[in-house]
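**Q** Structure below; questions to follow.
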Amino acid sequence: MYSTRVSQDRSFRFIPAVFQYSGGVAAEPGFRLERARLLRPVALEQGFGVIERHLAAQGREATAFCACELRSPEAFTEAGFEAFNRVYAAQLQKWGVFQDETNPVARTNVCPEIGKPEGVSLHAFTYTVPDTATRPGFVVAGSGEAPEGGAGYAAGAVRPGDVSPSGMREKAEWVMGEMHRRLSALGHGWGDVTGAHVYTVHDIHPLLSDVLADLVTGPADVTWEFARPPLAVLDYEMDMRGLAREIVIDPAA
């Protein structure tokens, strides 16, 4: 079972995971989470500026930033993923978001199969807002079919390279188990999920009636994104959220 820690500004709690992201976040009492999706993705460096300006306009500090969703043009090798994550984490450290050496920010990073960006781009981000009257909210970070923080994703991946129906089923079952573990650690259940994304280029229809039944039969909007996980060895990824408010912003505004 995972445990949680409270963020530096005490507006959210998070599941400590690996240096590049946390396993998920949930609002602390007196706050709610709000998600802002960009009208169109922008290059990550520009996206950091979008986040800074938007938070400032809301009267929030950078430490309110608690989750983001990225889009990459192609899947990384493990070495390439490590190098990218160091660059990404450096910006969070610059903002003072890290708690000691621990990254509290949840993240999803996937590779669209159609409409690929030229480089790693910002798609959406989530932050805390003072609010005592609205549903607090949570975000479960994206996970593929391999444990994080071990010897490497390839070493722990479920049936690597096997995209047969039985292989995809086993991958999806593992990921749903991880979603449940993270959801439980944040103090929530399937009935609290308002939105979930499934990221894969392989058919998920055979999974809807059983593996994904806890989501499909609940209040969540379940969206199949035709995209690949960020590492070439992985074939299936999911993330989830339970939010009372989501907005769309124009990054050029």
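**Q** Taking LEU207 as meeting all but one of (1) touching a helix residue (DSSP H, G or I) at 6+ places or on another chain (Cβ under 6 Å); (2) surrounded by 19 or more Cβ atoms within 10 Å (Cβ to Cβ); (3) within 25 Å of CYS66 (Cβ to Cβ), write down the number of the exception.
**A** (3)
**Q** Hey, among THR134, THR108, which residue is out of contact with any Gly (no Cβ under 7 Å at 6 or more places or on another chain), touching a residue at least 24 places away in the same chain (Cβ under 8 Å) and among the hydroxyl-bearing types (Ser, Thr, Tyr)?
**A** Numbers: THR108 fails: out of contact with any Gly (no Cβ under 7 Å at 6 or more places or on another chain).
None of the other options fit; the residue is THR134.
**Q** I need the full set of residues from the stretch 16-46 which are in contact with a Lys or Arg (Cβ under 6 Å, 6 or more places away or on another chain) and of a type in the set (A, V, I, L, M), in order please.
**A** Within the stretch 16-46, ALA26 is the sole residue that qualifies.
Residue-wise test of (1) of a type in the set (Val, Ile, Thr); (2) crowded, with 19+ Cβ neighbours inside 10 Å; (3) closer than 23 Å to ILE114 by Cα.
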site	(1), (2), (3)
ALA220	no, yes, no
TRP224	no, no, yes
ARG228	no, yes, yes
LEU231	no, yes, yes
LEU234	no, yes, yes
LEU243	no, yes, no
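**Q** Okay, next question. In this structure, is GLY191 in a helix (DSSP H, G or I), loosely packed, with under 13 Cβ neighbours inside 10 Å, at pLDDT 95 or above and out of contact with any Leu (no Cβ under 8 Å at 6 or more places or on another chain)?
**A** Details: in a helix (DSSP H, G or I): yes; loosely packed, with under 13 Cβ neighbours inside 10 Å: yes; at pLDDT 95 or above: yes; out of contact with any Leu (no Cβ under 8 Å at 6 or more places or on another chain): yes.
Yes: the conditions hold for GLY191.
**Q** Hey, among the residues in the stretch 1-16 that are surrounded by fewer than 16 Cβ atoms within 10 Å (Cβ to Cβ) and of a type in the set (A, V, I, L, M), which one's modelled with the lowest pLDDT?
**A** MET1
**Q** A further question on this structure: Being in a strand (DSSP E or B) and within 19 Å of SER143 (Cα to Cα) is the filter here, so list the residues in the stretch 49-108 that pass it.
**A** Those that are in a strand (DSSP E or B) and within 19 Å of SER143 (Cα to Cα): CYS66, ALA67, CYS68, GLU69, LEU70, ARG71, PHE76, THR102, ALA106, ARG107, THR108.
**Q** Give the number of residues within the stretch 45-61 that are in contact (Cβ under 8 Å) with a residue 24 or more places away in the chain and either more than 26 Å from GLY23 (Cβ to Cβ) or under 18 Å from the mean Cα position of the chain (by Cα) (or both).
**A** 4
The values are calculated or read from the model by the stated rules, or taken from the named source; none is laboratory data. For clarity, every value in this text was computed on a predicted model and none was experimentally measured. Because the Cβ atoms are built from the backbone with ideal geometry, glycine has one as well, and the counts that use them run over all protein chains shown.
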